[in-house]
Amino acid sequence: MLTGPKKSEYLALIAPPGKKGLYLGYVNIPAGIGSGIGGLMAGYLYKNYGEKAMLALKYLATETPWGRAKDWNGDVNTLEATLGITRSQAMLKLQEVSGLDAVGATNLLWDTYHPHYVWLPFAAVGVISAVALYIFGRMARKWSDMNA
């Protein structure tokens, strides 16, 4: 959202004469690839490492005697079946088992799993992209067919 309005202008400026259409045509390829891969990556990361209900199920299965007795195999897709509770019931069960209120249970999950780390891969992609675009811009100035 920060670079969207300017990326087309930037590519039009660095494109050689007569090749602006080609450059502007290619500008959407990374956006399409990024949307596809980013959507898959976001869904996976959120489901496994960020969703509070899933984290509550994980905590119940691994950190409580009630859950450890259920012998979970480590696959998040089997958590509900193994524990016998749904994601919508997970926080209530965690509160019951741990004796904490909703805020305390949320803080327990936050301190145990640090779900804010799900943003690190996206930040890394952003930083790498910015550096690569800077390098590309510097290299493009040296190309013999460039007039930018």
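The values are calculated or read from the model by the stated rules, or taken from the named source; none is laboratory data. This structure is a prediction, so every number in the text was calculated from the model and none was measured. Please note: Cβ atoms are built from the backbone with ideal geometry, for glycine as well, and neighbour counts cover all protein chains shown.
To keep it simple, each residue is scored yes or no on (1) closer than 30 Å to Y23 by Cα; (2) over 23 Å from the mean Cα position of the chain (by Cα).
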site: R68; (1), (2): no, yes
site: W72; (1), (2): no, yes
site: Q89; (1), (2): no, yes
site: S98; (1), (2): no, yes
site: L108; (1), (2): no, no
site: P115; (1), (2): no, no
site: G126; (1), (2): yes, no
site: S129; (1), (2): yes, no
site: G137; (1), (2): yes, yes
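Restricting the first member to region 16-41 and to residues that are in contact (Cβ under 8 Å) with a residue 40 or more places away in the chain, and the second to residues that are not in a helix (DSSP H, G or I), the beta-carbon pairs closer than 7 Å and six or more apart or on different chains are P16/D145; P16/M146; P16/N147; P17/N147.
For region 53-64, the set of residues classified as free of Cβ contacts under 8 Å to residues at least 24 places away in the same chain and either within 13 Å of I85 (Cα to Cα) or more than 25 Å from the chain's Cα centre (by Cα) (or both) consists of A61 only. Here the condition is being more than 30 Å from R138 (Cα to Cα) and of a type outside the set (D, E, K, R); of N28, N73, it holds for N73 alone.
For region 107-143, a tally of residues being of a type in the set (S, T, Y) and surrounded by 12 or more Cβ atoms within 10 Å (Cβ to Cβ) returns 3.
Filtering E63, E51, E80 for residues that are charged (D, E, K, R), closer than 30 Å to I128 by Cα and surrounded by 14 or more Cβ atoms within 10 Å (Cβ to Cβ) leaves a single hit, E51. In region 65-85, the residues that are farther than 19 Å from Y46 by Cβ reach residues that are outside any helix (DSSP H, G or I) with C-beta atoms within less than 7 angstrom, at least six apart or across chains, in these pairs: T82/K70; T82/W72; L83/K70. The sole residue among I33, I37, I29 that is modelled with pLDDT under 85 and part of a helix (DSSP H, G or I) is I29. Exactly one residue among A42, A105 is of a type outside the set (D, E, K, R) and at pLDDT 95 or above, and that residue is A105.
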